[in-house]
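Asks: Sharing a structure here in structure tokens format.
Please treat every number below as a calculation from the coordinates, not as lab data. These numbers were taken from a predicted model, which means no experiment stands behind them. Don't worry about glycine lacking a Cβ; one is built from the backbone with ideal geometry, like all the others, and counts go over all protein chains shown.
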Amino acid sequence: MTERLRIKDAVIKYGDNPAVNGVSLTAGAGEMIFITGANGSGKSTLTKGIAGLLPLSSGTLVRTPRMSYVPQYEEADRDFPARAGEIVLTGTQRPGKLFHTRNDRNQAESAMNALGIYDLADREIRTLSGGQLRRVFLARAICGKPELLLLDEPCAGLDAHSHEVLFSILRGMMSEGCAVVMVTHDISDIDGIPEGRVIRISGGRIAGYE
Amino acid sequence: MSEVIELLSYPFAYRALIAGSLISVCASVLGVILVLKHYSLIGHGLSEIGFASLSLSSALSVQPMYIAAPSVITASFVIMYVSRKYRTSGDTAIAIASSAALALGIVISSVSGTASNMSSYLFGSVLAVSEADLVVAVILSVIVIASFILLYNRLFLITYSEDYARSLGINTAMYQLIVSILTALVVVAGMRITGTLLISGVIILPAVSAKIVARGFRSLVIISGIVSFVAFILGLIMSFVINIPAGAVVILSNVAILILMKIFAGAKS
Ligand SMILES: Nc1ncnc2c1ncn2[C@@H]1O[C@H](COP(=O)(O)OP(=O)(O)OP(=O)(O)O)[C@@H](O)[C@H]1O
Ligand SMILES: [Mg+2]
């Protein structure tokens, strides 16, 4: 199985405080890994480290460059003047690629279709609800056809139907070789998802496998 | 109207018209990024440093651009770096640096006995637009517009979410650098016309107005450019008719447009 992500003994610090303290994990093509743990246990810090947004103080990180990331919180202003469709399309950008192709537009459209937000493409993001905006970010991540999909609390704000839709999309992507790493503090989000491996973290360390 | 037509028969007016409108459009397009990224103060800081450079160059009697261009570009790097690193306290650093630069410029001008040039630096002068300035303005606007078209998707992505861009492996610092250099060049080229005190308004105001009515990023960029162009033309014409420095009237036109857009948007909702 092709490996998409390998972290070994990762330590990530804010100042002198390690929020992630010696975590190792791997994810192969077609695999799904759930990372759970209490608030403040270091889940988001770990995903930011994997995404390349925070440096590792020690340890190693090897991953495919074709990664898409759905952050827990978007740092942009809520009233940023952009349409939902414009945001989704940015998910197809890669280093060295400056223009969107016809194919990119098709992928963005089908991602929006799959997530049931096709009708919202021309809406300005400031007019969207929280769950609608989350689906915009999910569509942005999946339309880039990633080999590694990193999701930080993607179910927050999703209704039961959207939740089901999300998992069926993820299964489709896994069958095409995408590895999925999903963070959630709420175990009920991943109840009845048999294919996932569950890693529980606490105080920045792996506390158990379920 | 006949005055306006008569005016265009003067080469200086014609040069001011072309150079000024090109620079206004470039400034406003870059302004979109600066406003959305909360870097509004950059233009202000850079123009004060531009003022100090102009004072220095006239004290030393060297070509203004030889001192202004490198020092403003260097300052733009420093300001970008400081505001990236310290987020909010960047504002304070810019405010300190810009008032220090302004004070320094005044001291240099006074000591060197070139203080009579000072008001033309501060308030700008359309008469100051030479053939060479016009050429610079044309080249600069080609560079700015071409970069914007070429990098449009990237600039949108980074302006909306720098973190997301970085997660895709994109070198966001490089794009930040490009935007700083272009802003510095626009400030240097534009400050002679509008004055160092007012160039930052030419950068920021059209984007703020456009943000009120634009729907989506593309329309924001386009409306910002149009607003800036219209405000410049209005300002230039009025400055000739009532004989007031063009920069001031351009800014007041921009403010008037901003107020009208606010009223218009308020009436609609
Ligand atoms: N920017 C920061 N600066 C300093 N400390 C931080 C920062 N971000 C997070 N922390 C601290 O690091 C620890 C881990 O935070 P993290 O956001 O990774 O938790 P989490 O598991 O994602 O929690 P949640 O379930 O609430 O999202 C917490 O103790 C938090 O207070
Ligand atoms: Mg978190």
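Asks: Step through the residues of region B:63-69 one at a time and calculate ³J(HN,Hα) from phi using the Karplus curve (6.51 cos²θ - 1.76 cosθ + 1.60, θ = phi - 60°), rounding each to whole Hz and writing x for Gly and Pro.
Replies: Listing the rounded values in order: 3, x, 4, 5, 9, 5, 4 Hz.
Asks: Is the shape of region B:2-264 best called rounded, prolate or oblate, per the rule: a/c under 1.5 gives rounded, else a/b larger than b/c gives prolate, else oblate, with a ≥ b ≥ c the square roots of the Cα gyration tensor eigenvalues?
Replies: Oblate, because a/c is 1.5 or more while a/b does not exceed b/c.
Asks: Which residue, B:211, B:37, B:85, tops the fluctuation ranking in a GNM of chain B built on C-alpha contacts under 10 Å?
Replies: B:85
Asks: Remind me, relative contact order of region A:81-145 in percent, using alpha carbon pairs under 8 angstrom and six or more residues apart?
Replies: 54
Asks: I would also like to ask the following. Between their Cα atoms, which of A:13/B:37; A:97/B:85; A:43/B:211; A:48/B:37; A:97/B:37; A:48/B:268 are more than 32 Å away from each other?
Replies: In this structure, A:43/B:211; A:48/B:268 lie more than 32 Å apart at Cα.
Asks: Is it possible to state the helix-based mean residue ellipticity at 222 nm for chain B, with each DSSP H run of 4+ residues giving -39500 (n - 2.57), the sum divided by total residues, to the nearest 500 deg cm²/dmol? What is it?
Replies: Theoretical 222 nm ellipticity from helices: -28000 deg cm²/dmol.
Asks: Residue A:12's amide H: which non-local residues (gap 5+, or another chain) put their own amide H closer than 5 Å, with H modeled 1.01 Å from N in plane and none for Pro or chain starts?
Replies: A:19, A:20, A:21, A:22, A:57
Asks: Can you tell which of B:19, B:246, B:93 shows the greatest fluctuation in a Gaussian network model of chain B with Cα springs below 10 Å?
Replies: Looking only at B:19, B:246, B:93, the largest GNM fluctuation is found for B:93.
Asks: Okay, which of region B:152-180 sit inside 18 Å, backbone N to the point 7 Å along the Cα-Cβ direction of residue A:78?
Replies: What the label zone holds, given the 18 Å backbone N cut-off, is B:161.
Asks: Can you tell me the dipole magnitude for region B:2-264 around its Cα centre, using point charges on the Cβ only (Lys, Arg +1; Asp, Glu -1), in Debye to the nearest 20?
Replies: That gives a dipole near 740 debye.
Asks: Between A:91, A:133, A:110, whose Cα lies farthest towards the positive end of the dipole of region A:81-145 when Lys and Arg beta carbons carry +1 and Asp and Glu beta carbons carry -1, centred on the Cα centre?
Replies: A:91
Asks: Straight-line reach from residue A:8: which aspartates and glutamates have a Cα under 17 Å away, not including same-chain ones fewer than 8 places off?
Replies: Here the aspartates and glutamates satisfying the reach criterion relative to residue A:8 do not exist.
Asks: Which of B:241, B:144, B:126 moves the most in a Gaussian network model of chain B with Cα springs under 10 Å?
Replies: Top of the fluctuation ranking is B:241.
Asks: Using θ = phi - 60° and the Karplus curve 6.51 cos²θ - 1.76 cosθ + 1.60, what whole-Hz ³J(HN,Hα) does each residue of region A:93-108 get, with Gly and Pro shown as x?
Replies: These are the phi-based 3J(HN,Hα) values: 6, 9, x, x, 10, 9, 10, 7, 9, 3, 4, 4, 4, 4, 5, 5 Hz.
Asks: By DSSP, what percent of the beta bridges with both residues in chain A are antiparallel, rounded to the nearest 5?
Replies: If I count the DSSP bridges inside chain A, around 55 percent turn out antiparallel.
Asks: Can you work out the Karplus-derived ³J(HN,Hα) for every residue in region A:64-74? Use 6.51 cos²θ - 1.76 cosθ + 1.60 with θ = phi - 60°, whole Hz, and x for glycine or proline.
Replies: Whole-Hz 3J(HN,Hα) from phi for region A:64-74: 5, x, 7, 10, 10, 10, 10, x, 5, 10, 8.
Asks: Pick out, from B:57, B:39, B:225, the residue whose Cα sits farthest towards the positive end of the charge dipole of region B:2-264, with +1 on the Cβ of Lys and Arg and -1 on the Cβ of Asp and Glu.
Replies: B:39
Asks: With an 8 Å cut-off on Cα pairs and a minimum separation of 6 or more residues, tell me the relative contact order of chain A in percent.
Replies: 32
Asks: Something else about it: Place +1 on the Cβ of every Lys and Arg and -1 on the Cβ of every Asp and Glu in the protein assembly as shown, take the dipole about the Cα centre, and give the residue among B:186, A:21, B:269 whose Cα lies farthest towards its positive end.
Replies: Result: A:21.
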